[in-house]
Each structure stands twice: as C-alpha cells, then as structure tokens.
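J.: Handing you a structure now.
The values are calculated or read from the model by the stated rules, or taken from the named source; none is laboratory data. This one's a predicted model, so the numbers in the text were calculated from it and none came from an experiment. Because the Cβ atoms are built from the backbone with ideal geometry, glycine has one as well, and the counts that use them run over all protein chains shown. Side chains are part of the model used for accessible areas, which takes the heavy atoms of the whole protein and leaves out ligands, DNA and RNA. Shrake-Rupley method; radii C 1.70, N 1.55, O 1.52, S 1.80 Å.
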Amino acid sequence: NFGYVENDLYRCGQPNELNFPFMEKLGLRCIVWLAPEEPNQNVMNFVDDQDIQLHHLGVLEGGNASDPITEDMILEAFDLILDKQNHPMAIMCNIGRHRTGTVVGCLRKLQRWNLASIFEEYRRFAGPKVRILNEQFIELFDIDLVRIPVDPPAWL
C-alpha cells in the first residue's frame, strides 16, 4: 500500500523483506510509525541497518488497534512531518490504510485540498475498509492547531 505523498514524503504499510531494496533507494531519514504495536523485527533490523529514526506515535494507553487515531497523535506527527530535516520520510502503520490515511488526509486539509479530493485519496488507499469515523475526523480536524515551522517544506 505504498504511495507518494509529496517530495521526500511517502506513505505505506509495514514493509516486508521484498520491499527493503526499494525502501533503501528512498534514502529515508525518518519513519513515523502510527500502529499501536512495534514494527516487526525485520523492519526494526532494516531501520537499524539504514540508520533511520523511528518515531513510534501509535502507542495507546488502555486502547486497542482498532481505536481511531487521536488529535494529539496527528499534531505530534505534523511536528515531525513539517520538519524538513526529517526528510525523506515515510508515514506508516500496519497496512497503510486507516491511521496513515487519516494523517495524510489531515495534511491534505492543511494544504487546502477540498474534502472531495481528500476523501477520494483516503478511499483509494483504504479500499473496501473505509472508516467513516476517520473521514469525519479529517473533516472536523482544526488545522489552526498545527504549528507551522519558520521554514516549512515547499509543498505546504
């Protein structure tokens, strides 16, 4: 479920060993990991071997994997995503559908995309597993809460 989001910004589900040669070519500096559980050991080894910073934001105290992403997680992700020093970067969760799609959807809202285009992109990656609560979260997300850095990426 890999996709190009913007220059030096990618989205995907947890890669497997077959994906590592391609991922290596991206020259990633940073991964924003949104799933509640840790990536598998093969991914952890890849991250260590490639000297990639892994930021695990998906930890939910007392929650479970099907709980929706929180506003605090989105804002923490944006602190990393909008810092050009972290690029090239990948936004990941287990499958690359819901949590990743919600973060990318909120980014699109920050970029002033219209909601129809945001939802079309979300649905393309979610496939038949669209979660209406995620779409509602994106629609209601307050972009005024996002801290924009002094020198943001050119695509913002």
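J.: Here are some values of Rg/Rh (Cα atoms, Kirkwood Rh): (i) 0.93; (ii) 1.33; (iii) 0.96. Which one was computed from this structure?
T.: Derived directly from the coordinates: (i).
J.: Quantify, in whole percent, the carbon and sulfur part of the accessible surface of the range 1-128 (1.4 Å probe; protein heavy atoms only).
T.: 46
J.: Taking amide H positions as placed in the peptide plane 1.01 Å from N, state which residues far from residue 35 in sequence (5 or more) or on other chains have amide H under 5 Å from it.
T.: Correct list: 58, 94.
J.: How much length would be gained if the chain were fully extended between residue 44 and residue 113, taking 0.36 nm per residue of separation minus their Cα-Cα distance, in nm to one decimal?
T.: The span from residue 44 to residue 113 would gain 21.4 nm if fully extended.
J.: Further question: Which is the longest run of the chain containing none of the GluC sites (Glu not before Pro) found in DSSP loop states (not H, G, I, E, B) with at most 15 other C-beta atoms within 10 Å?
T.: The reported range is 62-156.
J.: Something else now. Residues of the range 62-148: accessible area per residue at 1.4 Å, in Å²?
T.: Numbers: 4280 Å² over 87 residues.
I get 49 Å² per residue for the range 62-148.
J.: Expressed in nm to one decimal, what extension gain is obtained for the pair residue 140 and residue 76 from 0.36 nm per residue of sequence separation less their Cα-Cα distance? Don't skip to the end; give the middle numbers.
T.: Values: separation 64, 0.36 × 64 = 23.04 nm, distance 1.75 nm.
Result: 21.3 nm gained on full extension.
J.: Another question, then. Whose amide H sits under 5 Å from the amide H of residue 54, counting only residues 5 or more places off or on another chain, with H placed in the peptide plane?
T.: 31
J.: With a cut-off of at most 13 other beta carbons within 10 Å, and DSSP calling the residue loop, which trypsin sites (Lys or Arg not before Pro) in the range 110-156 qualify? Please list them. Can you show the working numbers first?
T.: Values: sites: 112, 123, 124, 129, 131, 147; in loops: 112, 131, 147.
Here the trypsin sites (Lys or Arg not before Pro) that fit, given the DSSP loop and packing criteria, are 112, 147.
J.: For the chain, what is the percent of antiparallel DSSP beta bridges, rounded to the nearest 5?
T.: Numbers: 3 of 16 bridges.
So the antiparallel bridges in the chain amount to around 20 percent.
J.: Return the single residue from 95, 69, 31 with maximal mean-square fluctuation; model: Gaussian network over the chain, springs between Cα atoms under 10 Å.
T.: Among 95, 69, 31, the largest GNM mean-square fluctuation belongs to 95.
J.: I'm checking a number: the convex hull volume of the Cα atoms of the range 43-125, normalised per residue, in Å³. What is it?
T.: Measuring per residue, one finds 113 Å³ for the Cα hull of the range 43-125.
J.: Something else now. Would you mind checking the range 102-137 for residues with the amide N under 18 Å from a putative spin-label position 7 Å along Cα→C-beta of residue 156?
T.: 103-113
J.: Highest GNM mean-square fluctuation, the chain, Cα pairs closer than 10 Å: which of 34, 26, 145?
T.: 145
J.: Compute the distribution of all C-alpha to C-alpha distances in the range 78-138, in bins of 5 Å from 0, and list the percent of pairs in each, rounded to whole numbers.
T.: 4, 18, 28, 24, 16, 7, 1, 0
J.: Using a 10 angstrom cutoff on alpha carbons, build the Gaussian network for the chain and name the most mobile of 35, 77, 116.
T.: 116
J.: Among 18, 86, 58, flag the residue with its Cα farthest along the positive direction of the charge dipole of the chain, charges on Cβ as +1 for Lys/Arg and -1 for Asp/Glu.
T.: Toward the positive end, the furthest listed residue is 18.
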